[in-house]
Amino acid sequence: MSFAFSVAQPNLALNGSKAPPIYLLHHHMNHPSFGHNNNNNNANGLGMVSYRRKIAPIQRLPNPTRFVVRSDSANNNTTSSQSQSSNSNNKVVFWSAVTLVLAVGNRVMYKLALVPMNDYPFFLAQLNTFGYVAIYFSILYMRHRAGIVTNEMLSIPKWRFAVIGMLEALGVVAGMSSAAKLPGPAIPILNQTFLLWQLGFSALLLGRRYSWNKISGCLLVAAGVVTAIASGSESGQMLSGVGLLWPIMMVVSSAFQAGATIIKEYVFIDAAKRLKGKLLDIFVVNSFGSGFQALFVLLFLPFLSNLKGIPIHELPSYIKSGAGCFLNVGPASSGCDGSPLLPLLYIVNNIAFNISILNLVKISSAVVSSLAVVLSVPTTIYILSLPLPYLPEGVTLSPFFLFGSVILVLGLILYNVPQHSNSKHGPGSDSDLDIM
């Protein structure tokens with residue numbers, strides 16, 4: 001720590017009178033270590049006053065005596081804090097863009113993967129659920145052997161991952177149950193309540209405080225997505241003939257999924273305290289969360305199978321036929337053109353997407369990650385409207401799609417309008433949630 005000192009001249013005059021002259025006394029010392037031999041020294045060798053010199057009076061100065069200390073450490077800390085904040089924001093923007101691209105790719109590749117797997121979507125879903133457990137734990141094992149994942153990270157309480165897995169499994173059950181009864185265009189519209197659930201759970205469980213522009217921005221984003229998705233459909237008749245139970249079930253499904261993401265964010269925050277500032281590796285959360293989700297899905301498997309019209313006694317033969325179509329071998333491979341390339345591309349993209357979105361939750365928040373994913377919805381609709389390999393027939397989008405997309409972008413801009421305040425933001429503030 002360096003200091004700069006500034007000392008003002010003292011005022012030695014009394015009552016405005018002229019300061020008296022000052023005489024400076026020069027004292028000569030005679031000491032053996034000086035090597036002097038002065039015959040004028042007194043007998044005891046302690047020295048004597050040799051002469052006097054008159055010094056000009058010190059003039060009166062306008063400022064009183066001051067002693068000022070200025071520390072450069074405060075400036076250095078401020079500069080360092082601003083630099084770290086800028087780097088953090090740049091990292092959030094980068095990973096938001098990566099998550100957006102992977103989210104669009106995930107939706108597009110899933111649509112393409114269903115071209116050969118059109119009769120086996122349930123097989124593809126279960127392949128993701130159980131296959132990812134093996135993949136994530138393999139990566140976790142290698143990172144632990146390399147020293148990236150420490151024993152302290154693995155000692156994080158596992159009951160939280162059990163809650164995450166249970167909520168995600170319940171979300172799958174509620175979502176599949178309601179999706180079987182709801183018209184197609186209504187499903188993504190009702191799923192937009194996911195963002196609103198996250199805002200509520202984030203404030204309730206994490207104590208975050210959201211300003212008016214962030215709440216309004218999220219509402220505009222959801223409204224823009226609904227407008228874009230509902231374009232060209234008969235919105236007034238969309239839910240006609242459908243009971244109130246199934247839309248509520250879809251909304252509850254979004255609540256389960258939103259609760260799981262908020263608990264993941266809490267796990268990262270709590271782990272930073274337990275690990276004394278060190279960030280928890282995302283593969284610890286991915287691995288144990290996926291493991292417990294697979295466990296609960298396995299418990300619900302007979303029920304899920306029946307929802308898809310597959311009796312439990314026919315499930316083994318269905319899985320065998322689905323594997324044959326996935327690998328494009330055997331008698332079940334008829335009509336499975338594009339396998340295994342398209343399903344594998346979807347699986348690889350989906351793994352990268354899950355890693356990216358969890359990393360975004362880790363460095364920012366669950367709400368920011370959801371905004372990046374929500375932005376992918378109209379982008380995906382536009383891409384799927386174009387002629388694609390295996391999907392050569394494009395569609396024409398209505399003007400409402402463009403209108404909804406504009407509302408969505410305005411919502412994102414409003415969410416990221418900086419708020420200037422004289423008060424300091426606490427750890428629960430929403431000031432650390434900006435993505436732009």
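The values are calculated or read from the model by the stated rules, or taken from the named source; none is laboratory data. It should be emphasised that the depicted structure is a prediction, and the values quoted were computed from it without experimental measurement. Don't worry about glycine lacking a Cβ; one is built from the backbone with ideal geometry, like all the others, and counts go over all protein chains shown. The accessibility values were calculated without ligands, DNA or RNA, using every heavy atom of the protein model including side chains. Shrake-Rupley method; radii C 1.70, N 1.55, O 1.52, S 1.80 Å.
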Counted residues in segment 170-224 being closer than 16 Å to Val368 by Cα and at pLDDT below 85 come to 1
Candidates Val284, Val297 - the one that is touching a Ser or Thr at 6+ places or on another chain (Cβ under 6 Å), in a helix (DSSP H, G or I) and touching a residue at least 40 places away in the same chain (Cβ under 8 Å) | Val297
Working only within segment 122-149, note down all residues that are at pLDDT below 95 and polar (S, T, N, Q).
-> Gln126, Asn128, Thr129
Before we move on, is Ile139 open to solvent by 40 Å² or more (accessible area, probe 1.4 Å) and among the β-branched types (Val, Ile, Thr)?
-> yes
Could you tell me whether segment 244-258 includes any residue that is touching a Phe, Trp or Tyr at 6+ places or on another chain (Cβ under 8 Å) and either open to solvent by 40 Å² or more (accessible area, probe 1.4 Å) or closer than 16 Å to Val361 by Cβ (or both)?
-> yes
Which residue, of Lys273, Lys264, is surrounded by 17 or more Cβ atoms within 10 Å (Cβ to Cβ) and not in a loop (DSSP other than H, G, I, E, B)?
-> Lys264
State which residue is modelled with the highest pLDDT when the search covers only segment 387-414 and only residues that are part of a loop (DSSP other than H, G, I, E, B) and surrounded by 13 or more Cβ atoms within 10 Å (Cβ to Cβ).
-> Tyr390
What is the number of the single condition among (1) surrounded by 17 or more Cβ atoms within 10 Å (Cβ to Cβ); (2) at pLDDT 95 or above; (3) under 30 Å from Val221 (Cα atoms) that Val163 does not meet?
-> (1)
What number of residues within segment 322-341 satisfy the criterion of being in a helix (DSSP H, G or I) and buried (at least 18 other Cβ atoms within 10 Å of the Cβ)?
-> 5
Please find, within segment 102-136, the residue that is nearest to Val374 (Cα to Cα) out of those that are open to solvent by 30 Å² or more (accessible area, probe 1.4 Å) and not in a helix (DSSP H, G or I).
-> Leu114
